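Novice: Let me give you the structure first, and then I'll get to my questions.
The values are calculated or read from the model by the stated rules, or taken from the named source; none is laboratory data. This is a predicted model, so every value here is computed, not measured. In this analysis, Cβ positions are derived from the backbone assuming ideal geometry, glycine residues included, and neighbour counts consider all displayed protein chains. To get the accessible areas, we keep the full protein, side chains included, count just its heavy atoms, and leave off ligands, DNA and RNA. Shrake-Rupley method; radii C 1.70, N 1.55, O 1.52, S 1.80 Å.
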Amino acid sequence: MSDETQHYFSATPTGDFRPREVHVELAGAERAVVTAGGVFSPDGVDRGTEVLLRWVDELPAPGSGTGSAILDIGCGWGPIALSAALTHPDREVWAVDVNERSRELCAQNAARLGLTNVRVCAPESVPDDLDFSDIRSNPPIRVGKAALHDILRQWLPRLTSGGTASLVVAKHLGAESLTTWIAREFSALTVQRAHRDRGFHVIRVDRP
């Protein structure tokens, strides 16, 4: 089983845990973070996440306070959550992942960057009464449609009124069919293909 496959399917990856430092650009500056095998994109920020980060940087930010929390679904070592926390230091950022190695690395990176507004946890540890005004994700497409749909059923209904979810999906991995499924599945939400770049689509989901 490859490191990438382990990210999608294993709560506890096999293989030695050997964190290493890499330099990446987050929130407009170079940052030193740690990654390791057994997580998604251990060599740096993958192309899809780069597309998503550029897109969300252009979104207007809701004000701080109740209901303004940001959620990163499938945080990996943390690029989306860390970027959100750096850009919005007044907002709470929840980074969730089933992979315990990903969670450990994301928490280490938040500490390295001095971020006190990042909450890293397993999906089941997010409080049931917590909703989100902003959901950001490079979702784990390779878990298969059924598992991916279950993930979205878990989190998209937790968008607050006026909230936005931004999901980046490669065109060849089913971005168009996923857009159609979300529109059919969630009648209370609006969905559109908001952006295309380098073979990736950003799917925007809004709760009016």
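Novice: Averaging sequence separations of C-alpha pairs under 8 Å and six or more residues apart, then dividing by the length of the chain, give the relative contact order as a whole percent.
Specialist: Relative contact order of the chain: 18 percent.
Novice: Could you give the distance between the Cα centres of segment 97-119 and segment 138-182, to the whole Å?
Specialist: Taking the Cα centre of segment 138-182 as reference, the centre of segment 97-119 is 23 Å away.
Novice: State the antiparallel share, in %, of DSSP beta bridges confined to the chain, rounding to the nearest 5.
Specialist: Just about 55 percent of them are antiparallel.
Novice: Would you calculate a helix-derived [θ] at 222 nm for the chain, using -39,500 (n - 2.57) for each DSSP H run of n ≥ 4 and dividing by the full residue count, to the nearest 500?
Specialist: Helix-only estimate at 222 nm: -9000 deg cm²/dmol.
Novice: I want to verify a result. In a Gaussian network model of the chain, Cα cutoff 10 Å, which of these has the top mean-square fluctuation: W181, W55, W155?
Specialist: Its mean-square fluctuation being the largest, the pick is W181.
Novice: What does the highest-first list of 126-136, 68-78, 140-150 look like by mean Cβ count within 10 Å?
Specialist: Highest to lowest by the protection proxy: 68-78, 126-136, 140-150.
Novice: Here is a follow-up. Once the cut-off is 21 Å, how many percent of the Cα-Cα pairs in the chain end up in the long-distance tail?
Specialist: Result: 49 percent of Cα pairs exceed 21 Å.
Novice: With a 1.4 Å probe and all protein chains left in place, how much of the accessible area of the chain comes from carbon and sulfur atoms, in whole percent?
Specialist: So the carbon and sulfur contribution to the accessible surface is 47 percent.
Novice: Using a probe radius of 1.4 Å on heavy atoms only, what accessible surface per residue do you get for the chain? Whole Å² is fine.
Specialist: About 45 Å² of surface per residue is accessible.
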